[in-house]
Amino acid sequence: MRTSKIWLLAMTGIMIVACSSDDETEMKPSYVPNKGEMQFLFVHPGATTRATETAFEDNDRIGIYVASKDETLQIGGNEVNNEPFTWNGTSWTSARKVYWNEGLHDVYAYYPYNLKINDINDYSFELQADQNTSDGFSLSDFLWAGVKGATASENPMLIQFAHKLSCIVIKLLKGENFSGDISADTEVYIHSTVAKATIDLSTGDAAKDEYAGTSSIRAKQLSADEYAAIVVPQNITTRRPLVEIITGDVSYLMEGKISLKPGMRHTITVTLDKNPEQIKIDIGGEIVNW
């Protein structure tokens, strides 16, 4: 009996092939939907696809929460709880398969991913002290996105991120008495700022940790005369050391006041002079959306 079944299947296959040949019709597979699997396309604020300022990079990870529409976001018990999605260079993949339920949903996303989230409304986030390392700047750049009333789709859902912290750009200019070029090994530091933030993951709102002390951040070198640092939104209202520039064998230390706004980029222009006491600093420079 087993032999007969094998021959029957083989004959059936031959008949199908012959029929296809006679009809001369190409049989194309129909589209198979993803059966409700959650798929996302995360867009960096820089608008192309990292957090080196313009796009996400390989192995960057994003955390996702999904709750039923208008349900309060919780630390657990949501439809999706802090699921990591990783960029592999071509697409975002989740650590495990996650699927849409029926109805409408609210989606919350944040970067960089943290496995241990212990508070939704008061998430503690700390900046990297040295942002001039390969990933120190990007891991300090907290991004957040939210979509209300989302529905299941066979296509990846577009999630547009926004910067939720502040950025300081330091531009160095040569004064009349500054001879030569600005040293390539110049170091720039931001002092007197609180480097810890508390963040509401349901809104993305960030504020400085009122219980944290001030610290110093080394800025990332963007070019020979331009540096940048991610900072927590805060008001520095008393004159105290704010920017330090170490170039060659000279250290320039400047005081200043500044109001750092979330999602904004603040430009500080520093005019260097041969005499450290003759430097000029312009803190009221350009403030733009970041």
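The values are calculated or read from the model by the stated rules, or taken from the named source; none is laboratory data. The model shown is predicted, which means the values in this text are computed figures rather than measured ones. Cβ: placed from backbone, ideal geometry, glycine included. Neighbour counts: every protein chain shown. Remember, those area values only see protein heavy atoms, side chains included, never the ligands or the DNA or RNA. Shrake-Rupley method; radii C 1.70, N 1.55, O 1.52, S 1.80 Å.
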Within the stretch 115-220, DSSP-loop chymotrypsin sites (Phe, Trp or Tyr not before Pro) with at most 16 other C-beta atoms within 10 Å are Tyr211
With R₀ set to 22 angstrom, the calculated FRET efficiency between the beta-carbons of Glu226 and Ala129, to the nearest 0.05, is 0.60
For Thr214 and Asp273, extending 7 Å from Cα along the Cα-Cβ vector and measuring point to point gives, in nm, a value of 2.4 nm
Volume per residue (Å³) of the convex hull spanned by the alpha carbons of the stretch 43-169 is 119 Å³
In whole Hz, the Karplus estimates of ³J(HN,Hα) for the stretch 150-160 (6.51, -1.76, 1.60; θ = phi - 60°; x where Gly or Pro) are 6, 10, 4, 8, 6, 9, x, 7, 6, 10, 9
XL table Lys69/Lys196; Lys148/Lys220; Lys148/Lys208; Lys196/Lys280; Lys116/Lys196; Lys220/Lys261; Cα-Cα > 25 Å flagged, in table order, is Lys69/Lys196; Lys148/Lys220; Lys148/Lys208; Lys196/Lys280
Looking only at aspartates and glutamates whose Cα falls under 13 Å of Lys97's and that sit 8 or more positions away or on another chain, we get Glu37, Glu79, Glu83
In this structure, the FRET efficiency calculated for Asp205 and Leu253 from their beta-carbon separation, with R0 = 30 Å, to the nearest 0.05, is 0.35
Pseudo-spin-label distance Asn88 to Ile246, built 7 Å along Cα→Cβ, given in nm, is 4.3 nm
Regression test value, accessible area per residue of the stretch 172-290, probe 1.4 Å, units Å², expected 50 Å²
